[in-house]
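J.: Take a look at the following structure, please.
The values are calculated or read from the model by the stated rules, or taken from the named source; none is laboratory data. It should be emphasised that the depicted structure is a prediction, and the values quoted were computed from it without experimental measurement. Backbone-built Cβ (ideal geometry, glycine too); neighbour counts: all protein chains shown.
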Amino acid sequence: MERREFIKTTSLLSGAYALIGQASFAGFAPTDGYWLDGPMRWVQLAFVERDPGHYDPDFWLSYFKRIHADGALLSAGGVVAFYPTKIPLHHRSDYLGDTDPLGYLVAGCKKLGMKIMLRTDPHAARQAVYDAHPDWIAVNADGAKRRHWANPDLWVTCSLGPYNFEFMPQVNAEIMQRYQPEGIFSNRWASPDICYCEHCTRNFTAYSGQPLPRKAERLDPTYRKWSEWRVTRLRELWALWDAGIRNERPASRFIPNGFPDKVLTGKEADLFFADQQARRGLMAPWSNGKGAKELRSTLGQKPLIGIFSVGIEEELRWKDSVQSDAEIRIWVAEGTANGMRPCFVKFGGDIYDKRWMNAVARLYEGYYKNEKYLRNTASMARVGVVYSEQTNRNYGGQPWQQKSGDHLDGMYHALVESRVPFDMVNDRLLTLDELKRFKLLILPNIAALSDAQCAQLLAFVNAGGSLVATFETSLYDQDGKQRPDFGLASLFGVSYNQKVEGPMRNSYLQLRPDAKNSQTQLILSGLDDTPRIINTAYQVDVKPTTAFPSPITLIPSYPDLPMEDVYPRVAETDTRELYLRQVGKGRVAYIPGDLDRSFWQLMSTDHGKLLGNIVRWALDEEPIVAIEGPGVIDVNVWRQAKSMTVHLVNLTNPMMMKGPFREMIPIDTQVTIKLPAGANVASVKLLMREQTPKFEIKNGALTLAVPQILDHEIVALDLG
């Protein structure tokens with residue numbers, strides 16, 4: 001494509017995109033009813049080529065009815081067509097014959113009152129496509145056409161070229177015309193790899209004036225430009241497919257499986273499927289909730305569906321495997337508690353192992369009985385944790401900047417252990433209107449912030465909000481260029497002293513209790529039986545610009561070998577490791593060390609306690625929910641039209657940090673809930689136990705016992 005052709009195409013697609021945006025955000029109403037917010041319990045069958053004639057569709061329809069499923073995601077086309085397609089090069093299943101198994105299942109689901117999303121997968125193609133259009137195939141940096149990594153009989157298609165822009169719109173149109181689904185969901189539509197095909201080579205050069213980067217280096221300027229172009233190109237593809245689908249049925253939507261920009265996802269998607277199927281490696285079960293929180297920060301209350309696998313999702317991908325009941329339940333509980341609607345995925349219509357089916361049925365039946373309490377209208381969390389896609393893209397390179405994602409994970413885990421209800425906040429959505437429901441924002445090393453973002457955070461604090469920030473937060477601009485001082489220096493009350501120290505071997509934090517100072521007592525709560533705890537791995541050297549209390553100071557590193565030399569050379573210093581300020585009606589805590597990352601990497605209980613104490617000090621108000629009792633509990637609080645719910649997910653398990661769960665370990669708790677002003681509590685229920693507990697209301701708070709929580713309990717308050 002020549003430069004003028006590229007610009008013309010881009011302009012046309014941008015026009016279509018703008019029209020779609022106007023339809024989405026100007027009160028557009030689907031012609032056949034507002035279906036988007038309807039389905040609450042989804043199912044996905046990802047067919048394999050031999051399924052036609054080999055599996056029993058009526059078995060699945062019976063199961064869908066049993067579990068009260070109201071949405072279905074079914075494989076339709078792309079690499080394999082599961083219907084009698086008439087499009088040349090659209091490979092029909094070799095087992096299809098003269099049947100239409102997709103049509104049979106769609107009709108059966110519609111009889112059950114289910115809404116239908118049909119799935120395509122355009123990432124791979126067969127030899128016939130290669131022979132007819134070799135330019136549709138992705139190319140490696142060495143110029144070789146890209147064979148499929150898992151099935152060498154297939155070729156990998158270029159996701160930014162004519163296969164997706166010319167061929168797949170025909171497939172989408174045929175599917176829409178035949179089956180009139182609510183939408184099309186496309187799997188693996190957006191390869192993260194650089195393609196060096198003739199189309200990508202010409203189009204990227206036309207866009208940037210540069211050749212394609214030779215390898216993926218996150219901080220390389222050319223690779224950054226390629227990443228920007230990729231997002232632009234995928235946005236055009238989204239607009240093109242969505243416009244074609246709506247042309248066939250105005251109420252329908254294109255739903256991408258993932259998009260590299262969460263803000264654009266939230267703006268453009270009217271509903272979204274989060275493909276967070278299961279744990280792998282060393283993952284905490286709250287990872288499913290974390291993903292939900294991040295997406296909700298940009299989607300708001302638009303429907304968010306969480307795809308979960310009944311099989312194991314480890315690296316070697318045993319797709320016909322089965323997870324334990326306990327692991328399935330805890331993963332789904334985390335998603336549901338954080339605002340997602342469940343969607344199980346089963347690969348292949350044949351079942352080798354049915355053990356998962358009763359676990360999923362019990363979950364769905366419980367959610368069906370309590371559906372009105374799961375139709376959330378607003379989160380009631382008062383704490384927001386900021387996450388930054390621009391920091392992830394533009395920050396790094398120095399030794400102390402490695403594993404920067406551990407800052408967020410450490411803060412997340414500390415909040416879970418502290419039983420603090422919280423939401424995630426995208427750093428590009430920091431206006432006062434977007435932040436008005438929060439009392440406290442936490443910035444776990446949000447290093448790259450623009451001047452405008454820093455001004456928004458200053459306005460938040462000036463309006464009475466509080467702030468907790470760690471390490472290099474705001475030391476870089478939005479492009480990752482280092483500033484001479486923190487962008488938030490006026491809030492922190494410190495200036496950057498031009499260096500980062502570490503790794504700090506055998507260094508400690510000196511704790512300075514003061515019985516007469518309530519602030520110090522709160523910060524050191526639970527740590528009053530020791531004079532010191534371990535220090536962080538790295539710390540920013542800063543100079544205070546105003547007076548500060550000194551509850552925590554530095555004990556510098558000293559030798560850890562030979563054993564005869566292990567003693568402090570400096571007993572104590574006046575170098576503060578925590579800076580606390582009152583700013584108007586808000587509070588600001590700045591932590592110069594990588595306390596959050598160190599907590600995640602070391603799992604020191606002292607670090608977790610200290611982080612929790614700092615958050616409670618900065619919040620400076622009674623928590624909306626307080627939990628007493630043992631265990632690790634993830635707490636989320638929601639409002640519905642006529643109720644309020646508190647979700648308690650029991651993560652207490654020896655396999656919490658490395659699945660799968662073998663069993664559930666029940667815990668007993670006492671829950672105190674701060675009631676909304678003027679609320680009248682008509683009744684209280686424990687939804688999962690199907691019990692009506694005793695409760696007490698005193699001074700605007702409701703207290704009750706919640707016994708024997710296994711995986712997930714929901715305390716529901718019906719409000720008059």
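J.: It is to be established whether one or more residues within region 404-425 are closer than 17 Å to Val540 by Cβ and at pLDDT below 95. Don't jump to the end; show me each part of the working.
T.: Step one: of region 404-425, the residues closer than 17 Å to Val540 by Cβ are 404, 406-407, 410-411.
The next check asks that each one be at pLDDT below 95; those that pass are none.
Looking through region 404-425, none of the residues is closer than 17 Å to Val540 by Cβ and at pLDDT below 95.
J.: Quick check: anything in region 634-646 in contact with a helix residue (DSSP H, G or I) (Cβ under 6 Å, 6 or more places away or on another chain), acidic (Asp, Glu) and surrounded by fewer than 22 Cβ atoms within 10 Å (Cβ to Cβ)?
T.: No; the residues of region 634-646 include none that is in contact with a helix residue (DSSP H, G or I) (Cβ under 6 Å, 6 or more places away or on another chain), acidic (Asp, Glu) and surrounded by fewer than 22 Cβ atoms within 10 Å (Cβ to Cβ).
J.: Another one. If you go through region 549-558, how many residues are modelled with pLDDT of 95 or more and either over 20 Å from Val468 (Cβ atoms) or assigned to a loop (DSSP other than H, G, I, E, B) (or both)?
T.: Here the count works out to 5.
J.: Any residue that is outside any helix (DSSP H, G or I), out of contact with any Pro (no Cβ under 9 Å at 6 or more places or on another chain) and within 28 Å of Pro260 (Cα to Cα) - is there at least one of those in region 407-415?
T.: No: zero hits.
J.: Considering only region 505-528, I want to know if a residue exists there that is in a strand (DSSP E or B) and surrounded by fewer than 19 Cβ atoms within 10 Å (Cβ to Cβ).
T.: No; the residues of region 505-528 include none that is in a strand (DSSP E or B) and surrounded by fewer than 19 Cβ atoms within 10 Å (Cβ to Cβ).
J.: Same structure again: Condition (residue is of a type in the set (D, E, K, R) and touching a Leu at 6+ places or on another chain (Cβ under 7 Å)) applied to region 509-522: is it met by at least one residue?
T.: The answer is no, given that none of the residues of region 509-522 is of a type in the set (D, E, K, R) and touching a Leu at 6+ places or on another chain (Cβ under 7 Å).
J.: Return the residues of region 346-381 that are under 20 Å from His712 (Cα atoms), touching a helix residue (DSSP H, G or I) at 6+ places or on another chain (Cβ under 9 Å) and either part of a strand (DSSP E or B) or among the hydroxyl-bearing types (Ser, Thr, Tyr) (or both); say none if nothing qualifies.
T.: Result: Tyr364, Tyr367, Ser379.
J.: Turning to a different aspect of this structure: Give all pairs with beta carbons closer than 6 Å in which a residue from region 515-537 that is at positive phi meets a residue that is outside any loop (DSSP other than H, G, I, E, B); count only pairs at least 6 apart in sequence or on separate chains.
T.: Short answer, once both residue conditions are applied: Gly526/Lys609.
J.: Okay, moving on. What residue, among those in region 680-698 that are of a type outside the set (Asp, Glu) and not in a strand (DSSP E or B), is farthest from Ile709 (Cα to Cα)?
T.: In this case the residue turns out to be Asn680.
J.: Here's another thing I want to ask about it. Mind counting the residues in region 32-77 that are closer than 17 Å to Gly348 by Cβ and in a loop (DSSP other than H, G, I, E, B)?
T.: Counting residues in region 32-77 that are closer than 17 Å to Gly348 by Cβ and in a loop (DSSP other than H, G, I, E, B) gives 10.
J.: Okay, next question. I'd like to verify a number: residues in region 175-191 that are in contact with a strand residue (DSSP E or B) (Cβ under 8 Å, 6 or more places away or on another chain) and over 16 Å from His123 (Cβ atoms), how many? So that I can check it myself, show each step before the final result.
T.: Applying the first criterion (in contact with a strand residue (DSSP E or B) (Cβ under 8 Å, 6 or more places away or on another chain)) to region 175-191 yields 175-176, 179, 181-191.
Still in the list and also over 16 Å from His123 (Cβ atoms): 175-176, 179, 181-183.
Residues flagged as in contact with a strand residue (DSSP E or B) (Cβ under 8 Å, 6 or more places away or on another chain) and over 16 Å from His123 (Cβ atoms) within region 175-191 amount to 6.
J.: Just a yes or no: is a residue in region 384-403 under 30 Å from Asp37 (Cα atoms), charged (D, E, K, R) and assigned by TED's automatic domain parsing to the domain that holds Pro592? Give the steps one after another, and end with the answer.
T.: Just the residues of region 384-403 that are under 30 Å from Asp37 (Cα atoms), to begin with: 384-389.
Right, trim to charged (D, E, K, R) and you get 389.
With the extra rule that they be assigned by TED's automatic domain parsing to the domain that holds Pro592, the set shrinks to 389.
Looking through region 384-403, at least one residue is under 30 Å from Asp37 (Cα atoms), charged (D, E, K, R) and assigned by TED's automatic domain parsing to the domain that holds Pro592.
J.: Identify all residues within region 312-334 that are in contact with a Lys or Arg (Cβ under 6 Å, 6 or more places away or on another chain) and under 17 Å from Leu45 (Cα atoms); write none if there are none. Working first, answer last.
T.: Initial filter on region 312-334 (in contact with a Lys or Arg (Cβ under 6 Å, 6 or more places away or on another chain)): 313-314, 322.
Glu313, Val322 - these are the residues of region 312-334 that are in contact with a Lys or Arg (Cβ under 6 Å, 6 or more places away or on another chain) and under 17 Å from Leu45 (Cα atoms).
J.: Every residue in region 347-362 that is under 20 Å from Phe661 (Cα atoms) and either of a type in the set (Val, Ile, Thr) or under 22 Å from the mean Cα position of the chain (by Cα) (or both), please.
T.: Keep residues of region 347-362 that are under 20 Å from Phe661 (Cα atoms), which gives 353-362.
Passing the criteria: only Val360.
J.: Of the residues Tyr538, Tyr567, which single one is assigned by TED's automatic domain parsing to the domain that holds Val494 and under 20 Å from Glu501 (Cβ atoms)?
T.: Tyr538
J.: Looking only at region 312-345, count how many residues are modelled with pLDDT under 95 and either surrounded by 23 or more Cβ atoms within 10 Å (Cβ to Cβ) or hydrophobic (A, V, I, L, M, F, W, C) (or both).
T.: 5
J.: Another question, if that's okay. Filter region 566-597 down to the residues that are within 17 Å of Ala547 (Cβ to Cβ) and of a type in the set (D, E, K, R), then identify the one that is surrounded by the fewest Cβ atoms within 10 Å (Cβ to Cβ).
T.: Result: Asp574.
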